[in-house]
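A short worksheet on the structure shown next.
Read the figures in this text as sums done on the coordinates, not as results from a lab. Remember, predicted model here, so these are calculated numbers, not experimental data. Backbone-built Cβ (ideal geometry, glycine too); neighbour counts: all protein chains shown.
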2 protein chains.
Amino acid sequence: MKNVPYRIYLSESETSKQWYNILADMKELPDPYLHPATFKPVEPEVMKQIFCEELCAQEMNTTDRYIDIPQELQEFYKIFRPSPLIRAYNLEKALGTPAKIYYKFEGNNTSGSHKLNSAAAQVYYAKKQGITSLTTETGAGQWGTALAMACSHFGIDLTVYMVKVSYEQKPYRKAVIQTFGAKIIPSPSDTTDVGREILKEHPGTGGSLGCAISEAVETAMKTPNCRYVLGSVLNQVLLHQSVIGLEAKAALEKIDEYPDIIIGCTGGGSNFGGLISPFMMDTLTGRRSGTEFIAVEPASCPTLTRGRYAYDYCDTGHVTPLARMYTLGSDFIPSANHAGGLRYHGMSPVVSKLYHDGYIKAVASEQTKVFEAAVQFAKHETILPAPESAHAVRVAIDKAIECRETGEAKTILFGLSGTGYFDLNAYTSYLDGTMTDYIPTDEDLEKGFASLPKV
Amino acid sequence: MKNVPYRIYLSESETSKQWYNILADMKELPDPYLHPATFKPVEPEVMKQIFCEELCAQEMNTTDRYIDIPQELQEFYKIFRPSPLIRAYNLEKALGTPAKIYYKFEGNNTSGSHKLNSAAAQVYYAKKQGITSLTTETGAGQWGTALAMACSHFGIDLTVYMVKVSYEQKPYRKAVIQTFGAKIIPSPSDTTDVGREILKEHPGTGGSLGCAISEAVETAMKTPNCRYVLGSVLNQVLLHQSVIGLEAKAALEKIDEYPDIIIGCTGGGSNFGGLISPFMMDTLTGRRSGTEFIAVEPASCPTLTRGRYAYDYCDTGHVTPLARMYTLGSDFIPSANHAGGLRYHGMSPVVSKLYHDGYIKAVASEQTKVFEAAVQFAKHETILPAPESAHAVRVAIDKAIECRETGEAKTILFGLSGTGYFDLNAYTSYLDGTMTDYIPTDEDLEKGFASLPKV
């Protein structure tokens, strides 16, 4: 074992020049997307009306294990990557654990999260195809910021549908997005059919990610030379996010380490999927066994732990193709949980399939316990985690404490996907004791399941 | 010339194990501090009532060119250092300049700025001396956050007097400071004699840094086993901040570069002093000549460009020793300029002396022009600068444009001392066109100068 520094940064020459495509190694593939009207496998031509061509190709690519990162995109990555792999020496000491804790920190860019990895890629391909404008949705704001940054870099117009409750609670997020030149519309809005319909049915609603997706897709389909981009869930997004896991793996190899446990938070699954996939490759191909993969979700939106594995719409307005995934139903209204990025009814089809096939474990955490871990982590490691990322911190700490009790010196890797600088109202409510936990009842869940389409 | 990557991180073994003490190389030293009551050079014994012993020794040390960074502190530095030296390829390209622009980015820690470098050192020495609590002031909040982080790490109680206007405008800053376990009091407050007096004279005042300093010093002197710590101005702080310049210099040496122009923003002078001092050493000792050092200050608080070089109090309440420095007078009330960290009437005695002796140039920038540069920088380099740091960005861009006009491929280094995540109301006011510029009239300045003590 080599002497391990606090932070490992790969050099530019050591970073990955390719993404890893886990679809090429999965024993069984996720089920195909279905057309929202016919329930038949969706034709590539239909996908291309929504997404850029190259991204559609990536979405469907089940054969190429590695896909080249274009040179121009590599250059953009160099502005904010590689991100550090950090050894949590101080946290280990505070916990008195024999475990070795590493975390891959993706928060050191202005979007504050890993989202920029895929935003950069999607905007690059749009630009290459001659697309002039893009639409998207954002919840907590990380994705909207990331996309605004990428669009500013590549010179493409952007309209962001921001979940209304976030739009109102997070004026600073709005300001960052506007600084990078994007247009923001609170969702639901009267700029789309689906928005007008939702407003009519639920006047005064704070909106949801699913609804904002519907509006963004509708606008993209109705605007010439415009496409929609999505920040999570899709195979292409997991592909782009594989840079997280690839860099983490390369950094760990430099110090002769391989994780026993890998932990990430899951909303749509992009951070978790990107972190684990290069390690999951070793499991899928039989090079390694016994690695524990743990997805952590909020107890208030328990997609994996209490959801159903079924075909469902990715959005509330039912304009997107259906995916077979773990879902709470597209009508499920998550509580006003502070971890905005994890408030999504569905889950990446890849992550869902791996979970369904037993490769992944899932844990649901209550937010007061999550924030307890976040504050403990901040005090020792000096980084203020995003509420989303703090879900992973919670379970990493729990696992390290287990190691203290069993005396096992396990190697734990977790994804610190972002920072909490824009979530300080949540920290304040935790610190002043007004934060509460919310766990949906079985009845609440049944209401969501009732919206599942009969496929 | 080697192939220059976007970001250069030194390895742990390459980082400096010593600080550089510029006092050892100055041809003429700054004048001594004076006692606020007697106007005679202040005795070390008096200084030790306010500051920790080791820090007093550093303050007065004019002989040791290098001072060892204690091992335990080096370990703490490793949690957030080294910071990257970044080549601004994208900004260069956008400007069409032959200049090579590098910036040392200190914002990638939760305090959001370079302040943590000195906070860590000061708390370490306090702990070593057996001090159990500290007091300080904070304006924009970076210093308060940094100190709260360091106190949390070393286990020391902290009370922060936060300028009232910032306390009210920046609830998120407050939340971060509280997350790290510190107590915050809006200043002026009724917890001190000086606070009560100011409140009586100026009810409803939003406070100032000078006033918050007075309160923090008073509390430190009245509380057993408590000391005061200051985030800028002092020689000791510039000493600790020399890690910025030392790392920048080491990184530039790796790519065979030496800056022709070095630019930093100046409030109290710690960021600027820390950045330039290892390069200024080469100028002072005759190893180099022709390097241009530029301090950038807000036109609304033009300490160097329009202030006087005179003995003055460091605080409004006149409880601190006097320093000979560039000053606008301790009664000067800076306008509500958004660059909170630059709203200070005085300037580091070291920076003042170097400026007075002609080693440094100074430029005053208006804030709308500063924010114009900040937005331009963010769009191309993806980092959102703190309003303070954006002053340096402004002049770096101006210099790069000059190079475009003259065709000179100069090497420009500037300090990007922090991020603007907590200053988005300022960005919003710039973006929506409501931001205004304020330049004090000669009459305004005369009012401040009238408060200068007759020494």
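The residues A:T291, A:T132, B:T136, A:T138, when put in order of fewest to most other Cβ atoms within 10 Å, stand as A:T132, A:T291, B:T136, A:T138.
For B:A364, the residues whose amide H sits under 5 Å from its own are B:E297, ignoring neighbours fewer than 5 places away on the same chain, with H placed 1.01 Å from N. For the pair the stretch B:64-140 and the stretch A:169-221, the centres of their Cα atoms are 40 angstrom apart. Ascending distances from the A:V455 label point to its copies in the other chains, with the point 7 Å along the Cα-to-beta-carbon line: 7.7 nm.
The C-alpha atoms of the stretch B:280-353 occupy a region whose extents along the principal axes are 43, 28, 18 Å, arranged from largest to smallest.
Normalise the Cα radius of gyration of the stretch A:1-56 by 2.2 N^0.38 Å (N = residues in it) and let me know the number.
Ratio of Cα Rg to 2.2 N^0.38 Å: 1.94.
Kirkwood analysis of the Cα pair distances in the stretch B:29-95 returns a hydrodynamic radius of 16.1 Å. With bins 10 Å wide beginning at 0, the percent of Cα pairs of the stretch B:353-455 falling in each bin runs 13, 33, 32, 18, 4, 0.
When only the Cβ of Lys, Arg, Asp and Glu is charged (+1, +1, -1, -1), the dipole of the stretch B:100-225 relative to its Cα centre reaches about 500 debye. Work out which GluC sites (Glu not before Pro) in chain A are exposed loop sites (DSSP not H, G, I, E or B, at most 15 other Cβ within 10 Å) and give the longest gap free of them. In chain A, the maximal stretch lacking such sites is A:29-407. In this Cβ point-charge picture (+1 for Lys and Arg, -1 for Asp and Glu), chain A has a dipole of about 720 debye about its Cα centre. Here the convex hull built on the C-alpha positions of the stretch A:148-278 has a volume of 141 cubic angstrom per residue.
List the relative contact order of chain A as a percent without decimals, with contacts defined as Cα pairs under 8 Å and 6+ residues apart. The normalised contact order for chain A reaches 20 percent.
Scanning residues 5 or more positions from A:G269 or on other chains, those with amide H under 5 Å from its amide H are A:V233, A:S348, with H placed 1.01 Å from N in the peptide plane. Residue order for B:Y20, B:Y359, A:Y427, fewest other beta carbons within 10 angstrom first, comes to B:Y359, B:Y20, A:Y427.
When B:P41 is represented by a point 7 angstrom out along its Cα-to-C-beta vector, the spacings to that point in the other copies are 8.8 nm, nearest first. Compared with the dominant principal axis of the Cα atoms in chain A, helix A:116-129 is inclined by about 40°. Relative contact order, whole percent, for the stretch B:249-341 stands at 22, derived from Cα pairs under 8 Å and 6 or more residues apart. Taking the empirical scaling 2.2 N^0.38 Å for compact globular proteins as reference, the stretch A:79-171 has a Cα radius of gyration ratio of 1.40.
Taking all pairs of distinct Cα atoms, average 1/r, flip it, and tell me the Kirkwood hydrodynamic radius of the stretch B:287-427 in Å to one decimal place.
One decimal place: 16.2 Å for the Kirkwood radius.
Using the Karplus relation 6.51 cos²θ - 1.76 cosθ + 1.60 with θ = phi - 60°, the per-residue 3J(HN,Hα) values for the stretch B:10-19 come to 5, 7, 4, 6, 8, 6, 6, 9, 9, 8 Hz, with x marking Gly and Pro. Charge dipole of the stretch B:1-136 (Cα centre as origin; +1 on each Lys and Arg Cβ, -1 on each Asp and Glu Cβ, all else neutral): 760 debye, rounded to the nearest 20. Residue by residue along B:95-108, Cβ atoms of other protein chains within 10 Å of the local Cβ number 1 on average. How much of the DSSP beta bridge set in the protein assembly as shown is antiparallel, as a percent to the nearest 5? Roughly 35 percent of the DSSP beta bridges within the protein assembly as shown come out antiparallel.
Dividing the mean sequence gap of close Cα pairs (under 8 Å, 6+ apart) by how many residues the stretch B:1-145 holds gives a relative contact order of 26 percent. Counting only lysines at least 8 places from B:K174 when in the same chain, those with an alpha carbon closer than 23 Å to its own are A:K170, A:K174, A:K369, A:K379, B:K115, B:K164, B:K183. With Cα atoms as the point set, the stretch A:227-293 shows a radius of gyration and Dmax of 12.6, 44 Å.
Shown in residue order for the stretch B:23-29 are the 3J(HN,Hα) couplings computed by the Karplus curve 6.51 cos²θ - 1.76 cosθ + 1.60 at θ = phi - 60°: 4, 5, 10, 6, 5, 10, 8 Hz (x for Gly and Pro). Across q = 0.12 Å⁻¹, chain A modelled as identical point scatterers on its alpha-carbon atoms has Debye log10 I(q)/I(0) values of -0.96, in the order of the q list.
For B:K127, the aspartates and glutamates whose Cα comes closer than 12 Å to its Cα, not counting residues fewer than 8 places off in the same chain, are B:E53, B:E54, B:E72, B:D157.
Relative to the dominant Cα principal axis of chain A, helix A:71-80 is inclined by about 60°. Inter-copy label distances at B:D432, shortest first and taken from points set 7 Å along Cα to Cβ: 2.4 nm. Ordering B:F80, A:F371 from the fewest to the most neighbouring beta carbons within 10 Å gives B:F80, A:F371. Hey, what angle do you get for helix A:142-154 against the long axis of chain A, alpha-carbon based, 0 to 90 degrees rounded to 10? Once rounded, one gets 80 degrees. Think of it as helices only: each DSSP H run of n ≥ 4 in the protein assembly as shown is worth -39500 (n - 2.57), and spread over all residues that comes to -13000 deg cm²/dmol at 222 nm. Phi-derived couplings, Karplus 6.51 cos²θ - 1.76 cosθ + 1.60 at θ = phi - 60°, listed residue by residue for the stretch B:418-435: x, 9, x, 4, 9, 10, 6, 5, 5, 4, 4, 5, 5, 5, 8, x, 8, 5 Hz, with x used for Gly and Pro. Applying both filters, DSSP loop and at most 10 other Cβ atoms within 10 Å, to the trypsin sites (Lys or Arg not before Pro) of the stretch B:287-396 gives B:R287.
Look at the dipole of the stretch A:161-305 built from charges on Cβ: of A:V296, A:F180, A:C211, the Cα furthest out on the positive end belongs to A:F180. Computed from the alpha carbon atoms alone, the convex hull of the protein assembly as shown holds 159 Å³ per residue.
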